[in-house]
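See structure below.
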Amino acid sequence: MLDNLLELTIFARIVATGSLSGAARDLDLSLAVVSKRLAALEERLGVRLLQRTTRRQSLTQEDEAFHARCVRILAEVEEAEAAVSRTRDAVTGVLRVAAPRGFGRRRIAPLAVAFRALHPEVCVQLTLSEALVDIVEDGIDVAIRFGALADSSHVARRLAPNYRILCAAPAYLARRGMPQEPADLAAHDCIIFGEHPTREWQFQHADGETTVRVNPAYVTNDGEAAHALALAGGGIVQKSIWDVGDDLGTGRLVRLLPSHTIPAAPLHAVYANAQHLAPKVRAFVAFCAEALEQDWRWGE
């Protein structure tokens with residue numbers, strides 16, 4: 001099929017330029033290749049397309065009809081290629097995004113709305129789950145994740161930093177007091193959560209690392225439930241700044257022991273292949289990176 005298109009292109013250029021040599025120059029081919037391709041086309045069709053003499057060439061009435069069809073075909077091929085090129089660069093289509101539940105609701109959902117305001121031809125499908133989705137098997141374009149990249153065949157772009165903090169509601173602190181150092185946490189009501197919740201809380205300080213074994217008043221497998229327990233005055237919780245930053249800003253929660261840091265893995269966008277990344281994915285990841293870096297300033 002590709003050979004057929006080349007032969008049609010050569011034939012059309014011969015007619016347009018008036019000679020085989022003119023077509024060879026236009027197409028940057030040798031005269032021998034042009035002559036051979038024209039002969040192959042004529043042999044396949046079983047007709048002599050050009051009436052050639054040493055001084056001129058001409059088309060019969062039937063040849064003119066064939067030439068007109070060739071021109072239309074080549075024009076349609078060119079138009080199809082242009083359409084594919086436009087689609088390749090266009091931010092359109094269904095964008096499948098996966099994210100953790102809480103972070104997805106608070107951060108990614110509003111960003112999806114802002115992104116569609118810029119690119120209204122995109123349909124965002126947002127999947128929220130604490131489980132790590134299989135990007136390829138589940139047909140996900142980009143997954144927003146905290147932590148290291150588990151699959152080396154995927155690509156991860158860092159979106160923003162992250163750290164965890166200790167916090168509690170003002171009502172709890174009014175009732176139980178403010179801890180002054182990590183060791184004080186052993187006498188407080190603490191909230192631990194996760195699939196494998198730990199009572200060992202680790203902190204970094206200018207003087208080194210400190211580990212405290214806390215006494216949980218509440219244990220849950222759900223991070224959102226732990227957040228709700230803290231807001232209700234249940235106790236002290238250790239949460240990502242991305243989860244509680246808004247609550248710190250409004251005073252619903254108060255940060256504790258700010259001189260003791262709790263490092264956490266940064267936020268990443270993970271996708272399957274960077275070599276042929278769709279424009280919608282590239283644009284969304286860049287949009288999220290810029291927006292989240294700006295949001296990060298309130299957490300510093």
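A Förster radius of 30 Å, combined with the Cβ-Cβ distance separating Gln180 from Leu128, puts the computed FRET efficiency at roughly 0.20.
The 3J(HN,Hα) values that the Karplus relation (6.51, -1.76, 1.60; θ = phi - 60°) gives for segment 240-256 are, in residue order, 5, 4, 5, 7, 10, x, 5, 5, 5, x, 8, x, 5, 10, 10, 6, 10 Hz. Gly and Pro appear as x. In plain terms, the chain is cut at each of the trypsin sites (Lys or Arg not before Pro) found in a DSSP loop with at most 16 other Cβ atoms within 10 Å, and the longest leftover piece is 57-198. Full extension of the chain segment joining Arg255 with Glu42 gains 68.3 nm, where the gain is 0.36 nm per residue of separation less the Cα-Cα distance.
Taking other residues whose beta carbon is less than 10 angstrom from the beta carbon of Gly233, and scoring Lys, Arg as +1 and Asp, Glu as -1, yields +1. Averaging the Cα positions of each part gives two centres, and for segment 224-267 and segment 109-131 these lie 26 Å apart. Candidates (i) 1.34; (ii) 1.30; (iii) 0.95; which is the computed Rg/Rh (Cα atoms, Kirkwood Rh)? Among (i) 1.34; (ii) 1.30; (iii) 0.95, the one calculated here is (i). Among Ala226, Ala68, Ala117, the residue with the largest mean-square fluctuation in a Gaussian network model of the chain, with springs joining Cα atoms closer than 10 Å, is Ala68.
Each part gets one Cα centre, and for segment 8-41 versus segment 138-197 those centres are 69 Å apart. For the pair Asp246 and Ala90, a Förster radius of 35 Å applied to the C-beta separation gives a FRET efficiency near 0.50, rounded to the nearest 0.05. In the chain, helices alone account for a calculated mean residue ellipticity at 222 nm of -13000 deg cm²/dmol, with every DSSP H run of four or more residues adding -39,500 (n - 2.57).
Using a simple spin-label model with pseudo-atoms 7 Å out from Cα toward Cβ, Glu195 and Val71 lie 6.7 nm apart. Between 0 and 90 degrees, the angle of helix 61-89 with respect to the longest Cα principal axis of the chain falls at about 10 degrees.
Any read-out appearing in this document is the output of simple, stated calculations on the displayed coordinates, not a laboratory observation. All values derive from a computational prediction rather than experimental measurement. Don't worry about glycine lacking a Cβ; one is built from the backbone with ideal geometry, like all the others, and counts go over all protein chains shown.
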